[in-house]
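Undergrad: Handing you this structure, nothing more for now.
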């Protein structure tokens, strides 16, 4: 993936508020302007809605990361601007990169993102946002750099349990960490260059550390030791416990000083990036690749494999010919089930596999084989007692690192069947049980978060111009809510409802208006002297309309009027170059 800085373009102060009568079905509600291919992040607002983070319109001097507040009914929270509120100035995200929202434990979040990651100036940043959506006091408008500029390592991050965030990454023979507190300062004992957790004394390199919060405090850490010191296990996954401060628990050093070795067959090499998940009690589950198989194990806090399990490793299925550089995902359903998703290439058109196991180390007999799903890139699982949601992006091609793909969300019942309300048959780059997220090609990472009641919110980006779709063009962040029965019930098609202007924005091509209404309409654009600047016909149904001839408008305030019979809707847009 080639990651380049988005050039500064004309920006616009949104005056019209994006409003929605309700959720608009699988196509999602447009909530803010962004750039296509940039990642989005979601976190709950403490009520029934969510905050969505994204790279928004530029501010003077550079880019910005913004928040939009979407309520549970799909409307924008009162007082929030249509373009979103700036929480980071002079900041950009990376195409198909990371943007995470990590809870601060007080209703706010720490936003973590990588910036120009594939350039020598790239690094990771963090910004603290309060429960109100405002930037926390004492934090720089730019955000805090996690690592020195040009340190090209990709850290894993997790809430530190004290209002801050812990980062862990590998650098050859070392595993390092950084801990940034909620006030933006480094925790004691963590220098600017990071704290060395592990240092190999012999041959080998660490790869793909994974970190997760541990029940009762502290953390789990897992990593692959490639070509290590031991002749009997030259490639093996290791696991450790870290204390509440992030320090290594020395009782987990292992015989060779490099952690508890997860047993693997003598004729198979461990590979890939592991995923670790706390079991909520006395141990952790670890998902990993061994040979051509995806396996999971249960490690207890006394440094043993769960004796209830029939064997040390539970074989979930094949990874096929898939590259092991992608990471799988785990989710507990609270009903004795453990869902695992991993990249695979077993069925044409599906790049991932999903399977339900039991926490006693057996496979669910209702899932006689892995279910093919489309996502393989940064997938997200959310499980409940009735089933599991899975969302993510399927990478289709990566010529010269300019990756492209499509995104989807699916739902499967606990017995492995497709629930009513979800597609029973597949389609292009979509498996049975999945909705393809509209216009998501080149759309970047999909975000998903539970609403606390068995439903999920999903966010992604769609391009404003669909004739030529590429990274960095003007786009819209879309958010949708799904339930076990499919898209939120009671929502009609996008062509229904009263005439409304849901939002306006200025792009490279000109002024764009998001219109909804059942009837055909006429759009008129006026300047402040009342002179008509442009006119467009609007077909029935909600859609994005490019107002013709507005790409070279002079800066200033313009008035938008849409009329269908006796119904009218009005908005304003202020263009600033």
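Undergrad: With the structure loaded, tell me whether residue 286 is part of a strand (DSSP E or B), at pLDDT 90 or above and within 14 Å of residue 209 (Cα to Cα) or whether it fails that test.
TA: yes
Undergrad: When the residues of the range 422-476 are narrowed to those that are part of a strand (DSSP E or B) and over 23 Å from residue 54 (Cβ atoms), which ends up modelled with the highest pLDDT?
TA: The qualifying residue modelled with the highest pLDDT is 434.
Undergrad: Considering only the range 168-192, how many residues are farther than 23 Å from residue 207 by Cβ and exposed (fewer than 15 other Cβ atoms within 10 Å of the Cβ)?
TA: 6
Undergrad: Okay, moving on. From the set of residues in the range 231-259 that are assigned to a strand (DSSP E or B) and closer than 25 Å to residue 165 by Cβ, which is modelled with the lowest pLDDT?
TA: 237
Undergrad: For residues that are closer than 16 Å to residue 113 by Cβ and part of a loop (DSSP other than H, G, I, E, B), scanning just the range 15-68, find the one that is modelled with the highest pLDDT.
TA: Among those that are closer than 16 Å to residue 113 by Cβ and part of a loop (DSSP other than H, G, I, E, B), it is 39.
Undergrad: Taking into account only those residues within the range 164-175 that are in a loop (DSSP other than H, G, I, E, B) and modelled with pLDDT under 95, which is farthest from residue 114 (Cα to Cα)?
TA: If we take residues in the range 164-175 being in a loop (DSSP other than H, G, I, E, B) and modelled with pLDDT under 95, then 173 is farthest from residue 114 (Cα to Cα).
Undergrad: Okay, next question. Among the candidates 413, 417, 374, 404, which residue alone is over 21 Å from residue 318 (Cα atoms) and modelled with pLDDT of 75 or more?
TA: Going through 413, 417, 374, 404 in turn, the sole match is 413.
Undergrad: Considering the range 537-558 alone, what residues qualify as being more than 32 Å from the chain's Cα centre (by Cα) and at pLDDT below 85?
TA: Of everything in the range 537-558, those that are more than 32 Å from the chain's Cα centre (by Cα) and at pLDDT below 85 turn out to be 537, 538, 539, 540, 551.
Undergrad: Looking at the range 71-100, I want the residues that are on the phi > 0 side of the Ramachandran plot and touching a residue at least 40 places away in the same chain (Cβ under 8 Å) and have a partner that is in a loop (DSSP other than H, G, I, E, B) and crowded, with 21+ Cβ neighbours inside 10 Å with Cβ atoms under 7 Å, at least 6 apart or on another chain. Which pairs are those?
TA: Listed pairs, sorted by first residue: 74/20; 74/23; 96/37; 96/444; 96/445.
Undergrad: Kindly evaluate residue 120 against the criterion of being surrounded by fewer than 21 Cβ atoms within 10 Å (Cβ to Cβ) and modelled with pLDDT under 80.
TA: Yes: the conditions hold for residue 120.
Undergrad: Still on this model: With (1) at pLDDT 90 or above; (2) surrounded by fewer than 21 Cβ atoms within 10 Å (Cβ to Cβ); (3) closer than 28 Å to residue 486 by Cβ; (4) touching a strand residue (DSSP E or B) at 6+ places or on another chain (Cβ under 7 Å) as the list, and residue 71 as the residue in question, which single condition is left unmet?
TA: Tallying (1) at pLDDT 90 or above; (2) surrounded by fewer than 21 Cβ atoms within 10 Å (Cβ to Cβ); (3) closer than 28 Å to residue 486 by Cβ; (4) touching a strand residue (DSSP E or B) at 6+ places or on another chain (Cβ under 7 Å), residue 71 fails exactly one: (4).
Undergrad: Taking only pairs six or more apart or across chains, which ones have beta-carbon atoms under 7 Å, a first residue in the range 448-462 that is without any contact (Cβ under 8 Å) to a residue 60 or more places away in the chain, and a second residue that is surrounded by fewer than 18 Cβ atoms within 10 Å (Cβ to Cβ)?
TA: The qualifying pairs are 455/483.
Undergrad: For residues in the range 328-351 being farther than 20 Å from residue 280 by Cβ and surrounded by 21 or more Cβ atoms within 10 Å (Cβ to Cβ), which is modelled with the lowest pLDDT?
TA: That would be 350.
The values are calculated or read from the model by the stated rules, or taken from the named source; none is laboratory data. From a predicted model like this one, the values you see are computed outputs, not experimental measurements. Neighbour counts are summed over all protein chains in view; Cβ atoms, including those assigned to glycine, are modelled from backbone coordinates with ideal geometry.
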